[in-house]
Each structure stands twice: as structure tokens, then as C-alpha cells.
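A.B. asks: Mind looking over this structure? Questions follow.
The numbers here are math on the coordinates, done by the rules we state, and not lab data. Everything quoted here is computed from the prediction, not taken from an experiment. Every residue, glycine as well, gets a Cβ built from its backbone with ideal geometry; the counts of neighbours run over all protein chains shown.
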Amino acid sequence: MPWPTNWSIAEECENVLLETNPTSPYSVTVWGVGDQQKFYVAAGERDNRWAQYLEKYPEVTLSVDGKLYAAQAQRVQESAEFEQIRQAFVAKYDIDPDPDFKTEGALYRLVAAQ
């Protein structure tokens with residue numbers, strides 16, 4: 001599928017599927033939020049197996065409502081972007097902010113594979 005120009009198409013989608021580790025595919029169901037041409041997934045802990053795979057193998061396949069998208073994952077490092085997207089997850093999923101998330105968790109920005 002072509003990469004969406006606006007990820008508002010995923011606003012009503014609660015879960016997405018993410019396939020990591022192209023050498024030995026590993027799939028996980030995760031929460032995700034869209035922000036214009038970027039899509040984000042969150043790992044509650046950086047030592048989750050799939051998060052470790054993202055760090056080593058950034059090539060992923062994202063499945064949203066049965067549509068497959070080839071993507072590159074990049075861990076969000078910049079504070080303002082991190083906080084904006086963290087707040088988007090809190091709002092979308094109606095959850096209380098985790099005070100340890102910034103030090104223990106990770107946000108990954110997915111962009112179209114090149």
C-alpha cells in the first residue's frame with residue numbers, strides 16, 4: 001500500500017500489528033497514533049523483545065485495518081516531539097500518564113520505507 005499522506009485514517013483503530021526482525025519475523029499487536037505523515041507506536045519497556053528488534057532492525061511492516069505498509073522505525077529522541085506524541089497516546093487511549101515512561105519506555109516514529 002502507498003504510505004498515507006494523513007494518518008487520521010487510523011484514529012478509530014485501537015490496535016495495529018507490527019512485524020519486526022526481517023531475519024526471523026516477529027509480530028506484535030500494539031497501540032498506535034498518527035500525526036500527519038508519521039505513525040507512532042509505543043513500547044512500555046525498552047527491553048521488550050519487539051522494541052529491541054526495532055533498535056537492531058528498523059525495517060518493519062505495519063498492518064492497519066488489514067492494509068500493509070512498509071516502514072522504517074526511528075526512536076523518538078527529541079523532547080518536544082516525545083511529549084507531544086506521549087500526550088496523543090494518553091488522549092487516544094484514555095490512560096493515566098506513566099511517570100516512568102520517559103526513562104523506561106520508548107516511542108517509535110514510523111515513516112515510509114525508502
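A.B. asks: Which numbered condition in (1) part of a helix (DSSP H, G or I); (2) more than 12 Å from residue 107 (Cα to Cα); (3) touching a Leu at 6+ places or on another chain (Cβ under 7 Å) is the only one that residue 82 fails?
C.D. replies: (2)
A.B. asks: Also, I was wondering about something else. Only one of 111, 76, 90 is surrounded by 12 or more Cβ atoms within 10 Å (Cβ to Cβ), aliphatic (A, V, I, L, M) and in contact with a helix residue (DSSP H, G or I) (Cβ under 9 Å, 6 or more places away or on another chain); which?
C.D. replies: Within the list 111, 76, 90, the selection yields 76.
A.B. asks: I'd like the residue in region 60-73 that is touching a helix residue (DSSP H, G or I) at 6+ places or on another chain (Cβ under 8 Å) and surrounded by 15 or more Cβ atoms within 10 Å (Cβ to Cβ) and, out of all such residues, is farthest from residue 37 (Cα to Cα).
C.D. replies: Filtering region 60-73 for residues that are touching a helix residue (DSSP H, G or I) at 6+ places or on another chain (Cβ under 8 Å) and surrounded by 15 or more Cβ atoms within 10 Å (Cβ to Cβ), the one farthest from residue 37 (Cα to Cα) comes out as 60.
A.B. asks: Could you tell me how many of the residues in region 1-57 are in contact (Cβ under 8 Å) with a residue 60 or more places away in the chain, surrounded by fewer than 16 Cβ atoms within 10 Å (Cβ to Cβ) and assigned to a strand (DSSP E or B)?
C.D. replies: Going through region 1-57 one residue at a time, the tally reaches 0.
A.B. asks: Within region 9-25, how many residues turn out to be over 15 Å from residue 71 (Cβ atoms) and in contact with a strand residue (DSSP E or B) (Cβ under 6 Å, 6 or more places away or on another chain)?
C.D. replies: 2
A.B. asks: Would you call residue 64 at negative phi and within 11 Å of the chain's Cα centre (by Cα)? It would help to see each step written out before you state the result.
C.D. replies: Details: at negative phi: yes; within 11 Å of the chain's Cα centre (by Cα): no.
So residue 64 fails the test.
A.B. asks: Could you tell me how many of the residues in region 93-108 are surrounded by fewer than 11 Cβ atoms within 10 Å (Cβ to Cβ) and within 19 Å of residue 8 (Cα to Cα)?
C.D. replies: Total meeting the criteria: 1.
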